[in-house]
Amino acid sequence: MKAKTLIIFSVLVIALSIFGVWHFGQSKTKSYYSGDAIEYHGQLIIASANTGFLEIFKFVNGKLVNVIKRAAPVDAQVRSSAYNDVLLNQENDNLFVYAASGSTVYKYDFSDLQNLPLANSRRDTTWDWFGHLAWVNGRLMTAGSRAVKFWNPDLEVVDSFNLVNSTNPYNIVPAGNDRWLFNLTGSQVDLFGLSARQISRSLPVNVNLATGNKRVYFDAPANLLYVADDAALKKMSLTGDLYKTLAHSSQFGYDVVASSDEPDNLYFSNGYGVTKVSKIDFKRLASFDNDQLAWPNSWAMGLKLVDTVKGEVVVVFNNSNILVLDKNLLPYATAAATEEETGAATANESLFLRLDVNNGYVGNQVAVSGGGFAANENITLFFGGVQWLTTADASGRFTATVTVPESARNKTGIDLKAIGSKSGLSYSAGFYIKR
C-alpha cells in the first residue's frame, strides 16, 4: 500500500439499489455512493450494496478485487431480490456482514474472507422497508420507511423512533452517542433527541438538490456539527451558531468524516473530489481532484475512513468507481463500475414515492406520485397483490390513482411498490388498513 501509482481493476456490477440515490454527475453505469469498509486481520475490506447486489472487495497486491457479488434472497411479497445497504463489523475474532433487503436484515459470517454463510436473519413485521444501516454505540440501527429502529445482537428490535426520511434514509446519521440523530432533509438538518423522542430543532443549510445523498459529522466532545452543504463546509453549534465556513468549488456537498490519526483534521467530499482540512481554522491540508483520476463520470460522494496497520485510508464511493486514498489523498486503487444501465435514460433525481393518505378502508382511492425513474419508462404499481400500470414523463416522474384492494381486508397494512420497467428501480411506501 506504499505505492502511489493508481491501479485500475475493473469489476462487473449489475442491478440497482432499491433506494437508488442519484447525483449531479450523470453516468451510464451503476453508481457507487455509499458503503462500508474495515481492516480485518491486516486486510482492507470494502462493501457496498448500491448496485442492488451485496458486493465485497479485498485489497490484494495493490488491487481492489471483487470477491463477493450476491443477490438477496427473492422476497415474494415485494418481488425483489435487491440489497439496500450493508455494514461490516468485527465481533470478537469474527467478521460479520449485515445487509438490508426490503424488510429483512441479514447477518453473514465473512471471517474466512472467501465464503458468506448466513449467521442470522430477521424479517420486520410492521411493513417497514429498510433503506439504511448504521451503528449507534454498538447497536445496529435501521432507518426505514416507517421508523428508525435499534436492534439487539439477536436481531430483535428493542426500540423504535418516529423519524423517517422518505426521500433518502441514508441521510439519517447517529451522533455517536445516545443523545441525537441528525437528519439532513430538504434544506435543513433536523436534530432528533433520543430521550425526548422528537425533533428538538432544525438548522438551515444551503441545498441545491433537496433529494441528494448528504451526511453530517458530529464532534461529540466539542458539541459541534460539521456539514458539507451545497455551498461550503460549515462548522456550527447545535443552536445554529455558524463558527467557520469554507466555500468549495462545487454546487454540491456530500459527506464529512473525521481523521482518527490526526484528531484535529477532517475530510469532506463535493463531487469534484475530496479535501482534507483542519478542524480548527479550516486550512486546506491536502486535496484530491477527480481530474487526476481521468476516469469518466467520477463524482466523490460517500466517504469511509479506515485505520490500517499502514495508517488511515479514505474510501471514496466515487460514482463510477470505488476509490482508496491515503491520508495525504494520494490514490492507492479503484474498482470501476462497468455495467451499463438497463434503461434508455438515467434517473436525474433520488427516487421518491408519495401517497396523499397513508391509511384508509378497502375500496378507498389513493393518489400516488413518484419520481427518480428513467424518462418515459413504464411503471408498474403493486398494491396488495393487484397491479396498476402508468408511465413516467420525460423527467422520470409519474402520477396515478389506485384503489385499496379487497385482498387487504383482513390485514393491518400493505405496501405500495413502484417498479420501473427499464431502469429496474423500485421504491415502496407503507399503507395502514382501517376497519
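The values are calculated or read from the model by the stated rules, or taken from the named source; none is laboratory data. No experiment lies behind these values; they were computed from the predicted model shown. With ideal geometry, Cβ positions are generated from the backbone for all residues, glycine too; neighbour counts draw on all protein chains shown.
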Among the numbered criteria (1) in contact with a strand residue (DSSP E or B) (Cβ under 8 Å, 6 or more places away or on another chain); (2) closer than 23 Å to S259 by Cβ, which one does T239 miss? (2)
Checking the conditions here, which among N115, N177, N120 is in the same structural domain as N208 (by TED's automatic domain parsing) and farther than 26 Å from R70 by Cα? N177
Residue ID - modelled with the highest pLDDT, chosen from residues in the stretch 372-396 that are among the aliphatic types (A, V, I, L, M) and part of a loop (DSSP other than H, G, I, E, B): A392
How many residues are among the charged types (D, E, K, R) and modelled with pLDDT of 85 or more when one looks only at the stretch 416-435? 2
Here are A15, A3: which of them is buried (at least 17 other Cβ atoms within 10 Å of the Cβ) and either modelled with pLDDT under 50 or under 16 Å from V313 (Cβ atoms) (or both)? A15
Just need a number here: residues in the stretch 142-165 that are in a loop (DSSP other than H, G, I, E, B) and either out of contact with any helix residue (DSSP H, G or I) (no Cβ under 6 Å at 6 or more places or on another chain) or not assigned by TED's automatic domain parsing to the domain that holds N213 (or both). 11
Per-region count, the stretch 373-431, residues polar (S, T, N, Q) and under 20 Å from G360 (Cβ atoms): 9
Residue that is surrounded by the fewest Cβ atoms within 10 Å (Cβ to Cβ) [pool: residues in the stretch 107-138 that are more than 17 Å from S48 (Cα to Cα) and under 18 Å from the mean Cα position of the chain (by Cα)]: V136
State whether one or more residues within the stretch 389-404 are aliphatic (A, V, I, L, M), within 22 Å of G131 (Cα to Cα) and not assigned by TED's automatic domain parsing to the domain that holds T51. no
From the options V105, V67, V86, residue that is in the same structural domain as L181 (by TED's automatic domain parsing), in a strand (DSSP E or B), modelled with pLDDT of 95 or more and closer than 20 Å to F317 by Cβ: V86
Taking the options V402, V366, name whichever one is in a strand (DSSP E or B), farther than 26 Å from Y83 by Cβ and touching a residue at least 60 places away in the same chain (Cβ under 8 Å). V366
When you check Q77 against the structure, is it more than 20 Å from S320 (Cα to Cα), at pLDDT 95 or above, surrounded by fewer than 18 Cβ atoms within 10 Å (Cβ to Cβ) and polar (S, T, N, Q), yes or no? no
With S298, S369 as the choices, which residue is surrounded by fewer than 20 Cβ atoms within 10 Å (Cβ to Cβ), of a type in the set (S, T, N, Q) and either in contact with a helix residue (DSSP H, G or I) (Cβ under 8 Å, 6 or more places away or on another chain) or modelled with pLDDT of 80 or more (or both)? S369
If you take the residues of the stretch 242-283 that are β-branched (V, I, T) and surrounded by fewer than 15 Cβ atoms within 10 Å (Cβ to Cβ), which of them is modelled with the highest pLDDT? T245
Going through the stretch 372-389 one residue at a time, which ones are in contact (Cβ under 8 Å) with a residue 40 or more places away in the chain, surrounded by fewer than 20 Cβ atoms within 10 Å (Cβ to Cβ) and within 16 Å of A429 (Cα to Cα)? T380
Would the stretch 390-407 turn up any residue that is more than 22 Å from A210 (Cα to Cα), among the aliphatic types (A, V, I, L, M) and crowded, with 21+ Cβ neighbours inside 10 Å? yes
Looking only at the stretch 247-299, count how many residues are in a loop (DSSP other than H, G, I, E, B) and of a type outside the set (K, R). 24
